[in-house]
Amino acid sequence: MANYHTTTTINGDAVEFLCEPQETLLDVLRDRLGLTGSKEGCASGDCGACSVMLDGRLVCACLVRGVEAEGREIETIEGMADGERLHPLQTKFLEHAALQCGICTPGFLIAAKALLERNPDPSETEVRYWLAGNLCRCTGYDKIIRAVLDAATEIRQG
Ligand code: FES
Ligand code: FES
């Protein structure tokens, strides 16, 4: 099958790649571009492990075709830290031990960042509701929710 040439922006960098029309954005990120932070849990839009931002919208990369990235802006977990400096959400996940196997963690971080950019002072209920599309099979949700709320406080305090 013919490969499509696609030009996009990932974490602020211009990126070009070739991909087959049926290939998902998740497969392109992981297998063609070496950006393996986004994880594949289900490949059917149910777990959130593959969450990325596409033109400022939270999407499941397993439900987007690679060719749909043409001309768009993508943010992945690889762009979250500022060089060596972790994002406050990443720091709080570590402090609260909000991860075990870590498969779900990039998706939670991307989704939580999207929430805090829209709502810097969410209630616990709002955090739980927003993150309902992200599944975790080993940490349990409480530590994750505490980490997000704690990060929100820190970001608000600047
Ligand atoms: S791998 Fe995309 S939602 Fe589960
Ligand atoms: S830490 Fe293992 S699935 Fe969430």
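The values are calculated or read from the model by the stated rules, or taken from the named source; none is laboratory data. If you're wondering where the values come from, they're calculated on a predicted model, not measured in any experiment. Positions of Cβ are backbone-derived with ideal geometry, glycine not excepted, and every protein chain shown enters the neighbour counts. Accessible surface areas use protein heavy atoms only, side chains included; no ligands, DNA or RNA. Shrake-Rupley method; radii C 1.70, N 1.55, O 1.52, S 1.80 Å.
For this structure, a couple of remarks:
- Radius of gyration (Cα atoms) of segment 71-110, expressed as a multiple of 2.2 N^0.38 Å: 1.26.
- Computed with a 1.4 Å probe on the full set of protein chains, the accessible area for PHE17 sits at about 10 Å².
- At least 15 Å along the helix axis (C-alpha) and Kyte average at least -1.0, DSSP helices within the chain: 105-118, 142-157
- For segment 2-82, the alpha carbon convex hull comes to 80 Å³ per residue, rounded to a whole number.
- Considering only the Cα atoms of segment 49-93, their convex hull presents on average a projected area of 3.8 nm².
- Using only alpha-carbon positions in segment 96-142, the gyration tensor eigenvalues give semi-axes of 19, 11, 9 Å once each is multiplied by 5 and square-rooted (largest first).
- The shape of segment 1-40 comes out oblate: with a ≥ b ≥ c from the C-alpha gyration tensor, a/c is at least 1.5 while a/b does not beat b/c.
- Average accessible surface for the chain: 52 Å² per residue, computed with a 1.4 Å probe over protein heavy atoms with every protein chain in place.
- Label separation (GLN157 vs ASP142): 2.3 nm, computed from points 7 Å beyond Cα along the C-beta direction.
- Pairwise centroid distance, computed over Cα atoms, of segment 15-69 with segment 104-156, Å: 21
- Quick note on the chain: its Rg to Rh ratio, both from C-alpha atoms and Rh being the Kirkwood radius, is 0.98.
- Element breakdown for the chain at a 1.4 angstrom probe: carbon and sulfur atoms account for 49% of the accessible area.
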